[in-house]
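To start, the structure itself, in structure tokens.
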Amino acid sequence: MDWYPLYNSLRIALISSVIVFFTGIFAAYYIAKLHPVVKGILDVVLTLPLVLPPTVVGYFLLVVLGPRRPVGAWVLEVFHTRLVMTWYSGIFAAAVVAFPLMYRTARGAFESFDETLAYSGQTLGLSNTYIFWKIRMPACRQGIMAGAVLAFARALGEYGATSMIAGYTPGKTATISTTVYQLWRTDNDALAFRWVVVNVVISAIVLLIVNLLEKRERASGKSVVHLSGRN
Amino acid sequence: MSLYVDIKKDLGSFVLETKFEADGGVTGILGASGCGKSMTLRCIAGILKPDEGRIELDGRVFFDSEKKINLKPQQRHVGLLFQNYALFPTMTVWQNLMAALLPYEKDKTRAASAIRLVMEKFALDGLEKRKPGQLSGGQQQRVALARIFLSKPQVLLLDEPFSALDDFLKWKLELELAGLLEEFPGSTLFVSHSREEIYRLCDRVCVMEQGSSSPVIPVKQLFEAPVSRAAAVLSGCKNYSRARPAGENRVYASDWGVTLEYQGEAPRDFKYIGVRSHYIYPVLSKEAKGKKNTFCCEIIRVIEDVFSIVIILKPKGAADPEAEAGNRQIRAEMTKDAWREFCRCEKNPGELWIFMESRDIMVLT
């Protein structure tokens, strides 16, 4: 059995989770401070990938990153690199699709944060950076961790947008989900089943971690993280 | 040490408009909940930005809307004790205290000895490894105060420091706090809705109502000689009647239908008189005839309180249909012993003659 799809899936999921972890947190933190109207609009835009069919997300990504499209053409000219149909194309797809989960869970965690803690930090003379990393983040840690795990799970399971932007090339762009489809299509039931088992095991572990985090959160008397990522 | 505050902030539902000056000692801000007390403290600390005005501490300008000055909370060196104490929940007591030293004490050994000193002073020994969630309300308050003292503030702002505690603990902590306040060199602002706390802990008081503040006056004056009805209500007075002049040192209390004598200066354009429940005395009916400031009331209810008897009365002369509903009744309060003694001599449960000393009648605007 060629383990390349597992390796590729994991690296795509990990890299996109790291990207989404930081962008999601900062979006959640700064958007919360904006004017309600702007906040409402941005909120819809940033949450859309959660509800749109992944193929629609894939379409948008191709429109932006394709080699004959502005961004894709520019990168091709300057860096001599294609953004589509490579292994890392999957990162774009996974990041966009997983972003809303991180963003919304982090936002929920920040909203339940007691703002007087930040105020008291300020009156004690602590810098806003210190307050963010040492007071706000630790207090919201469990919600943010749960968001990150969910985002990782979603990135790992990404199929629709990935198949459009990265395609399926064995040993190059193949991920677990595209491999399962390809094997099924070519009547290789037995191997498809093995990959299904691998996928189920990984997903089960991820959900187990989310549940443990939720349990700890509940024990510490804070709000429960919603699996849907919605508030 | 002097703190000058003159600010305005439009909050939609009401306008916060405070102006006062606090010089050393403890200045109380007394007001019902939602009157803008906490908001005033937050403006002084720099957490909230007023629309206009000026805040100054010992010549240092914190905020000036005209000169466009608005110092960050970090630059103001103000110690604000929050109602919920705002201890950092993920840090231990030691780390919480260390956080207060972080902005100015880089030397670890000196920081540690400063913390040990303050832990001893605030009776926190042995708690250094606990998280705030594992502390009692009183311990949390002591940690919060210790943290503020470590940050060396120039002014202390206490926002309802006892509201989160039960009655028994309150007393103990109040005594401790009184001791600490005496040691604090700067000015203190003490915000509370409790007139008793203000009376016991503060030197001067500023009454706030619906977002606006009245001038700072000595605490004793608020309780002995309030000028406005609002101040009298906050000082705990429960009986009011509309009033108009009726000769020298006499008023006609129209809601009660009696003419009463008072002492001292009445404010110009007064509209009300007020009498505290404890200063209303029962009089035996045979002694009541011709006695000044004495009139007959119908007994509506007799309520037995924990340590006293409360009698709800309706003046017999009260016939004015326009009387404010709350003014028609008089509430008299006395010790159980005094009432029992009175009942032994007087047997007429339906009505009661009451007497008020002229010095206890407060003439109010």
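The values are calculated or read from the model by the stated rules, or taken from the named source; none is laboratory data. These figures come from a predicted structure and were not determined experimentally. Because the Cβ atoms are built from the backbone with ideal geometry, glycine has one as well, and the counts that use them run over all protein chains shown.
Under the condition of being part of a helix (DSSP H, G or I), surrounded by fewer than 18 Cβ atoms within 10 Å (Cβ to Cβ) and away from chain A (no Cβ under 14 Å), the residues counted in the stretch B:119-137 number 3. Of the helices (runs of 4 or more DSSP H) that lie entirely inside the stretch A:88-157, not one contains 1 or more residues that are away from chain B (no Cβ under 13 Å), small (G, A, S) and more than 19 Å from the chain's Cα centre (by Cα).
Table: residues versus (1) of a type in the set (D, E, K, R); (2) at pLDDT below 90; (3) more than 22 Å from B:S33 (Cβ to Cβ).
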| residue | (1), (2), (3) |
| --- | --- |
| B:N96 | no, no, yes |
| B:A112 | no, no, yes |
| B:R116 | yes, no, yes |
| B:L150 | no, no, yes |
| B:L158 | no, no, no |
| B:F162 | no, yes, no |
| B:L165 | no, yes, no |
| B:W171 | no, yes, no |
| B:E183 | yes, yes, yes |
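Kindly establish whether A:A219 is more than 27 Å from A:T55 (Cβ to Cβ), modelled with pLDDT under 85, out of contact with any strand residue (DSSP E or B) (no Cβ under 9 Å at 6 or more places or on another chain) and within 14 Å of another protein chain (Cβ to nearest Cβ). In short, yes. Meeting the requirement of 2 or more residues that are loosely packed, with under 15 Cβ neighbours inside 10 Å and more than 19 Å from the chain's Cα centre (by Cα), the strands (runs of 3 or more DSSP E) wholly within the stretch B:202-300 are B:239-245. Of all residues in the stretch A:12-49, those that are touching a residue at least 40 places away in the same chain (Cβ under 8 Å) and out of contact with any helix residue (DSSP H, G or I) (no Cβ under 7 Å at 6 or more places or on another chain) total 2.
Being surrounded by fewer than 22 Cβ atoms within 10 Å (Cβ to Cβ), touching a Lys or Arg at 6+ places or on another chain (Cβ under 6 Å) and outside any strand (DSSP E or B) is the filter here, so list the residues in the stretch B:39-60 that pass it. Within the stretch B:39-60, B:L48, B:D51 qualify.
Scanning the stretch B:236-267 for residues that are within 24 Å of B:E298 (Cα to Cα), among the small types (G, A, S) and without any contact (Cβ under 8 Å) to a residue 24 or more places away in the chain gives a single hit, B:A253.
The lone criterion from (1) buried (at least 17 other Cβ atoms within 10 Å of the Cβ); (2) within 24 Å of A:A139 (Cβ to Cβ) left unmet by B:V191 is number (2).
Results for (1) in a helix (DSSP H, G or I); (2) surrounded by fewer than 14 Cβ atoms within 10 Å (Cβ to Cβ); (3) in contact (Cβ under 8 Å) with a residue 24 or more places away in the chain, shown as yes or no for each residue.
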residue: A:S163; (1), (2), (3): yes, no, yes
residue: A:K172; (1), (2), (3): no, yes, yes
residue: A:S177; (1), (2), (3): yes, no, yes
residue: A:A192; (1), (2), (3): yes, no, no
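Taking the listed residues A:I15, A:I31, the one that is more than 16 Å from A:S89 (Cβ to Cβ) and β-branched (V, I, T) is A:I31, with no other qualifying. Would you confirm whether any residue within the stretch B:149-164 is within 14 Å of chain A (Cβ to nearest Cβ) and in a helix (DSSP H, G or I)? Yes, the conditions are met somewhere in the stretch B:149-164. Of the residues screened, B:I309 is one that is free of Cβ contacts under 8 Å to residues at least 40 places away in the same chain and of a type in the set (A, V, I, L, M). Of the residues A:W87, A:W74, A:W3, the single one that is out of contact with any Leu (no Cβ under 6 Å at 6 or more places or on another chain) and surrounded by 14 or more Cβ atoms within 10 Å (Cβ to Cβ) is A:W87. Of all the residues in the stretch B:9-45, those that are within 14 Å of chain A (Cβ to nearest Cβ) and either over 14 Å from B:D159 (Cβ atoms) or within 14 Å of the chain's Cα centre (by Cα) (or both) number 1. Selection within the stretch B:334-365: residues that are touching a Lys or Arg at 6+ places or on another chain (Cβ under 8 Å) and part of a helix (DSSP H, G or I). The member of this set that is surrounded by the most Cβ atoms within 10 Å (Cβ to Cβ) is B:D360.
For residues that are under 19 Å from B:D23 (Cα atoms), outside any loop (DSSP other than H, G, I, E, B) and either free of Cβ contacts under 8 Å to residues at least 24 places away in the same chain or within 14 Å of another protein chain (Cβ to nearest Cβ) (or both), tally how many sit in the stretch B:61-82. Matching residues across the stretch B:61-82 total 6. Of all residues in the stretch B:95-112, those satisfying the criterion of being more than 10 Å from chain A (Cβ to nearest Cβ) and under 17 Å from B:L127 (Cβ atoms) are B:L97, B:M98, B:A112.
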